Amino acid sequence: MSKINENFLNLQESYLFSTVAKKVAKYTEENPDKKVIKLGIGDVTRPIVPACIEAMHKAVDEIGTEEGFKGYGPEQGYEFLRNAIVENDYKTRGIEIKPDEIFVSDGAKCDCGNIVDIFAKENKVAITDPVYPVYLDTNVMSGRSGKYNKETDTYENIVYLPVTAENNFKPELPKEKVDLIYLCFPNNPTGTVLTKEDLKVWVDYAKENNSIILYDSAYERFITEKEIPHSIYEVEGAKDVAIEFKSYSKTAGFTGVRCAYVVIPKTVKGYTNTGEAVELNKLWNRRTCTKFNGVSYIVQRAAEATYTEEGQKQIQENINYYMNNAKIIKQGLEEAGFTVYGGVNSPYVWLKVPEGITSWEFFDKLLEEVNVVGTPGSGFGPHGEGYFRLTAFGTKENTEKAIERIKNWKNG
């Protein structure tokens, strides 16, 4: 008899974005005459920039020749891309990261989920809430969570760190000792950020408690305020306690191309049951070599092209486009009388839903009465109830239409 991993049975309902997609599909099937505008799932709409397309074409031609053909590449990523990351994403910010501390992957979502492989099941996990569902769900799958409590919409053994208007969207240190801490800034879904001083509090906590910070900075290129850090390694001491995840998905439009990377400095260590320190870099390298065959050569050449002068310019134009959409959403919702957060250093806008209805009820009303799709806050965790996320990754035309519809609906 083949037995299943029963931890999967502890997962609640379907994945958030699958539920949203099913609801939208059902509505559009029943109302084919309605033009639905989707500002829910954070997928990009702008095409891949010319610099990256040119690099991919060149790579395709190269592997079509005997001398340029590429078979299996290094699982950790080609040196040309790892070196480009070191020079452009870290050295420019005064951060010393070595190429062999970088692991190129096919997505930050995969990395954030797979990283749990190198940590013991008994580790106590702290997760900001509301939060990107992957952090929680993968810990449930791996048996680190305990049972689900329907009344509180929480799992046993998981420490929830509220990120709400009441604490100015700054998570407070846990009252009990935790071993793994998930932080995501600029935050998905709230669109809010932490300062270097805010992050220093967490780095100090991690050093004092031998904890590890799992820092998702997938949206750092959308930061507009100069004092906001783009990497946790800008904080003194972070290289001893933090693993950082970055992605080309939203910054370079690679949601369908797939490329990201995780940084694990060799100074970051975990411990055996007997207290022996072990470099996490070595463990992740072993896991990568065992379970992954690397990102394609063509894609890595495209990622490398994002660091060229033309690539940087073209990508920034797309980022500016999305951030202008964020401005349209934020200002429009404020004019309609909503309380709104985010949208300044992030492509996500987080709004307070009207009193007396849940975030899923607001989702249904927005879909059925306004034909606009967003994401209910409760789908990101219990502290997301009462909030709603809209994404700036749509087209400018659709963004303007959606906000005009919402304003007319709200004020009508």
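The values are calculated or read from the model by the stated rules, or taken from the named source; none is laboratory data. Computed from a predicted structure; not experimentally measured. Cβ placement follows ideal geometry from the backbone for every residue including glycine, while neighbour counts extend to all protein chains displayed. Remember, those area values only see protein heavy atoms, side chains included, never the ligands or the DNA or RNA. Shrake-Rupley method; radii C 1.70, N 1.55, O 1.52, S 1.80 Å.
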> Dividing the convex hull volume of the Cα atoms of segment 1-98 by its residue count, what figure in Å³ per residue is obtained?
Replying inline: 322
> Rounded to the nearest 500, what is the chain's calculated 222 nm mean residue ellipticity when only DSSP H runs of at least 4 contribute -39500 (n - 2.57) each, over all residues?
Replying inline: -10500 deg cm²/dmol
> From the phi of every residue in segment 241-251, what ³J(HN,Hα) in whole Hz does the Karplus formula 6.51 cos²θ - 1.76 cosθ + 1.60 yield, where θ is phi - 60° and glycine or proline is x?
Replying inline: 9, 10, 10, 10, 10, 9, 9, 9, 4, 8, 5
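Relative contact order for segment 120-188: what percent, with Cα pairs under 8 Å and sequence separation of 6 or more? Present the calculation step by step, with values, prior to reporting the outcome.
Details: 92 pairs, mean separation 29.6, N = 69.
Computed over segment 120-188, the figure is 43 percent.
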> Taking the alpha-carbon set of segment 231-280, what are its Rg and Dmax in Å?
Replying inline: 14.6, 45
> Taking H as built 1.01 Å from N, whose amide H comes closer than 5 Å to the amide H of residue 373, not counting residues under 5 places away?
Replying inline: 37, 38, 39
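Under 37 °C and 0.692 mPa s, how fast does segment 179-297 diffuse according to Stokes-Einstein, given a Kirkwood radius computed over C-alpha pairs? Answer in µm²/s, whole number. Walk me through the numbers on the way to the answer.
Numbers: Rh = 15.4 Å.
Reported coefficient: 213 µm²/s.
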>> Roughly how far apart, in whole Å, are the Cα centres of segment 149-205 and segment 212-255?
In response: 16
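First compute the accessible area of segment 58-116 with a 1.4 Å probe, then give the percent of it belonging to carbon and sulfur atoms. Display every interim value, and only then the final one.
Details: 1480 of 3010 Å².
Result for segment 58-116: 49 percent of the exposed heavy-atom area is carbon or sulfur.
With a cap of 15 neighbouring Cβ atoms within 10 Å, and only residues DSSP puts in a loop, list the GluC sites (Glu not before Pro) found in segment 32-73.
On the way: sites: 54, 62, 66, 67; in loops: 66, 67.
For GluC sites (Glu not before Pro) across segment 32-73 that sit outside H, G, I, E and B with at most 15 neighbouring Cβ atoms in 10 Å, the list reads 66, 67.
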>> I need the phi-derived Karplus couplings for segment 160-170: 6.51 cos²θ - 1.76 cosθ + 1.60, θ = phi - 60°, integer Hz, Gly and Pro marked x.
In response: 8, 10, x, 10, 9, 4, 4, 10, 6, 6, 10
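Does segment 292-412 classify as rounded, prolate or oblate by the C-alpha gyration tensor (a ≥ b ≥ c root eigenvalues; a/c under 1.5 gives rounded; else a/b over b/c gives prolate, otherwise oblate)? Walk me through the numbers on the way to the answer.
On the way: a/c = 2.70, a/b = 1.82, b/c = 1.48.
Prolate, because a/c is 1.5 or more and a/b exceeds b/c.
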> Are there GluC sites (Glu not before Pro) in segment 183-281 that DSSP marks as loop and that have at most 10 other Cβ atoms within 10 Å, and which are they?
Replying inline: 225, 227, 276
>> Solvent-accessible area of residue 401, probe 1.4 Å, all protein chains present, reported in Å² to the nearest ten, please.
In response: 90
> Using only Cα atoms, what is the ratio of the radius of gyration of segment 251-301 to 2.2 N^0.38 Å?
Replying inline: 1.53
> Per q in 0.08, 0.12, 0.13 1/Å, what log10 I(q)/I(0) does a Debye calculation on the alpha-carbon atoms of the chain return?
Replying inline: -0.44, -1.02, -1.19
>> Quick check: the distance between the Cα centres of segment 341-387 and segment 69-84, to the nearest angstrom?
In response: 41
>> Keeping all protein chains in place and using 1.4 angstrom, which order do 4, 328 fall into by accessible surface area, from largest down?
In response: 4, 328
> ³J(HN,Hα) across segment 253-269 via Karplus (A = 6.51, B = -1.76, C = 1.60, θ = phi - 60°), whole Hz, x for Gly/Pro?
Replying inline: x, 8, 4, x, 7, 6, 6, 7, 7, 10, 10, 10, x, 5, 7, 7, 10
> When all protein chains stay in place, what accessible area (Å², nearest 10, 1.4 Å probe) is found for residue 198?
Replying inline: 30
>> Taking the square root of 5 times each eigenvalue of the Cα gyration tensor, what semi-axes in Å does the equivalent ellipsoid of segment 84-161 have, largest first?
In response: 32, 14, 11
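Taking the inverse of the average 1/r across all pairs of different Cα atoms in segment 132-234, what Kirkwood radius in Å do you get?
Working: mean 1/r = 0.0675 Å⁻¹.
Here the Kirkwood hydrodynamic radius works out to 14.8 Å.
Normalising by the residue count of segment 1-103, find the relative contact order in percent from Cα pairs under 8 Å and 6+ residues apart. Write out the running numbers ahead of the final one.
Details: 24 pairs, mean separation 13.9, N = 103.
Relative contact order of segment 1-103: 14 percent.
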> Sequence-distant or interchain residues sharing an amide H contact under 5 Å with residue 161, placed H: which?
Replying inline: 127, 128, 129
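Accessible area, 1.4 Å probe, largest first: how do 287, 82 sort?
Numbers: 287 40, 82 15 Å².
Most to least solvent-accessible, the answer reads 287, 82.
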>> Can you order the peptides 174-181, 97-104, 30-37 by their average number of other Cβ atoms within 10 Å per residue, highest first?
In response: 97-104, 174-181, 30-37
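Taking 8 Å as the Cα distance limit and 6 or more residues as the minimum spacing, I'd like the relative contact order of the chain as a percentage.
On the way: 769 pairs, mean separation 95.4, N = 412.
Computed over the chain, the figure is 23 percent.
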> Under 5 Å between amide H atoms, partner at least 5 residues away or on a different chain: which partners does residue 259 have, H built in plane at 1.01 Å?
Replying inline: 248, 249
> Taking a ≥ b ≥ c as the square roots of the eigenvalues of the Cα gyration tensor of segment 24-163, is the shape rounded (a/c under 1.5), prolate (a/b larger than b/c) or oblate?
Replying inline: oblate
